[in-house]
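In what follows, a structure is listed as structure tokens, so that the remarks can point back to it.
No lab work stands behind these numbers, since they all come straight from the coordinates. Everything quoted here is computed from the prediction, not taken from an experiment. Neighbour counts are summed over all protein chains in view; Cβ atoms, including those assigned to glycine, are modelled from backbone coordinates with ideal geometry.
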Amino acid sequence: NTRHTTTFRAELHAHLNGSLSTKTLRELHGLQISHSDSGDATWNIWEAVIEHGQKRTLEECFQVFGIAHSLTTTPTAVYKAAQDVIKEFADDGVVYLELRSTPREVPGIMSKAQYIQAIVDAIQDVADGRILVKLIVSLDRQQGKGPASETLDVILAAHYQNPKIIVGVDLSGNPLKGLVTDYLPILACARNAGLKISIHCAEIPNPDEAEKILDFRPDRVGHCTCIHPLHGGSQELWNKLLKSYIPVELCLTSNVKCGTVESYKKHHFIHLFTARHPIVLATDDKGVFATSLSEEYMVTADSYNLSREQLWQMALSSTDYLFASEEEKNNLKQMFLQIKQLSD
Ligand code: 5GP
């Protein structure tokens, strides 16, 4: 029965602010009003959006990013947001989590360094033995070369202080805005400093950009929606991806809800899976798209009639693509195998 999937999973593509649950958004709002007496008209509209949960329209999904950002404007709120998200993933059976987030500055209240530190503190304080957590710091492709370079300096300083927690840099943000080529030299500096690189790739048809990303050889790529010839890519691009063996982070519900993929059954997952290309299932924004990692495994299993063994293999192979140390990877792999033996 594919509804009973593996209970041992790694989440490698989760944006902090997109992962906030309804409960966390409400509690963060509660924290905010206790500090201000301003009117609460906007919250009434937001509350309706948050309340819609799984039935949110696409427009409402994107509104949730705005709501989350307006509620995580202090180190205390960022800390709580990260702690809640980590606990929720752990409750869903996630044993290894790479959380990613774009550092934000709020003049007079929070610097980018404090934003990153608040997440690092949350990761250190969770330490409940159920879940190992790492941080990937995101660069927004809309911010421009200069600000991105400054952000990298902040990231590197934080990485030197917390080398075991801050393990990677991601390039994300609106794929219609900005040029990836502006950010590749900055990502190269991050790589030289020992950080792993993940890049959001081909979320919309843009073969030239996708080619440049693959030539850069990131450690992982996100989505790769428009690479296969049937999905707005080309045979050449598809061959290039397969030849690269770069692991792809796949977020089915996010793609279906955003409309970049027509349906679960028509997701490019199947082409990569059939080609035995390295892949890992992920949530992207579990709060915005009202999903969970177990739901992603279930919906993939249901859509493609995958066996329990195939799901296990997928979960197990994801341990090869972590941005953790070799020792941590091996430990996790051993744990996976032990749990599998017990459940067989
Ligand atoms: P944050 O970085 O603020 O913790 O998480 C939310 C941010 O992640 C969004 O504002 C956006 O920049 C990025 N993000 C979330 N989901 C996606 C996605 O599916 N594609 C891209 N390109 N960026 C995303």
Inset, instruction - As a check on your grasp of the helix formula, calculate [θ] at 222 nm for the chain: sum -39500 (n - 2.57) over DSSP H runs of n ≥ 4, divide by the residue count, round to the nearest 500. - result: -15500 deg cm²/dmol
Inset, instruction - Give, as ranges by residue number, the residues of the range 164-192 whose backbone N falls under 17 Å from the point 7 Å along Cα→Cβ of Phe65. - result: 170-180
Inset, instruction - Can you tell me which of 226-235, 194-203, 288-297 comes out highest on packing, and rank the rest after it, using the mean Cβ neighbours within 10 Å? - result: 194-203, 288-297, 226-235
Inset, instruction - Express the relative contact order of the range 155-261 as a whole percentage, based on alpha carbon pairs under 8 Å and six or more residues apart in sequence. - result: 21 percent
Legend entry - Estimated distance in nm for a label pair at Ser149 and Asn174, the labels positioned 7 Å out from Cα along Cα-to-Cβ: 2.4 nm
Inset, instruction - Work out how much length Ile204 to Gln341 would gain on full extension: take 0.36 nm times their residue separation and subtract the Cα-Cα distance, in nm to one decimal. - result: 45.2 nm
Legend entry - C-alpha center-to-center spacing [the range 54-111, the range 185-255] in angstrom: 25 Å
Inset, instruction - Determine one quarter of the surface area of the Cα convex hull of the range 9-343, which equals its mean projected area, and express it in nm² to one decimal. - result: 16.5 nm²
Inset, instruction - In debye, nearest 20, what is the charge dipole magnitude of the chain about its Cα centre with +1 on Lys and Arg Cβ and -1 on Asp and Glu Cβ, if you could check? - result: 640 debye
Inset, instruction - Tell me the trypsin sites (Lys or Arg not before Pro) within the range 244-330 that lie in a loop according to DSSP and have at most 11 other beta-carbon atoms within 10 Å. - result: Arg276
Inset, instruction - For every other residue with a beta carbon closer than 13 angstrom to the beta carbon of Val169, add +1 if it is Lys or Arg and -1 if Asp or Glu, then tell me the sum. - result: +1
Legend entry - Gain upon complete extension [Glu236, Thr76; 0.36 nm per residue less C-alpha separation]: 52.8 nm
Inset, instruction - Taking the Cα centre of the range 44-169 as origin, work out the dipole magnitude from +1 charges on Lys and Arg Cβ and -1 charges on Asp and Glu Cβ, in debye rounded to 20. - result: 340 debye
Inset, instruction - Under 14 Å from a label point 7 Å along Cα→Cβ of Arg217: give me every residue in the range 237-254 with its amide N that close. - result: 243-247
Inset, instruction - Express in nm, to one decimal, how much length is gained between Tyr304 and Ala275 on full extension, taking 0.36 nm for each residue of separation and deducting their alpha carbon distance. - result: 9.0 nm
Inset, instruction - Evaluate the relative contact order of the chain (contact order divided by residue number), counting alpha-carbon pairs under 8 angstrom at least 6 apart; express in whole percent. - result: 21 percent
Legend entry - Positive-pole candidate from Val133, Gln114, Pro207, dipole of the range 104-220, charges at beta carbon: Val133
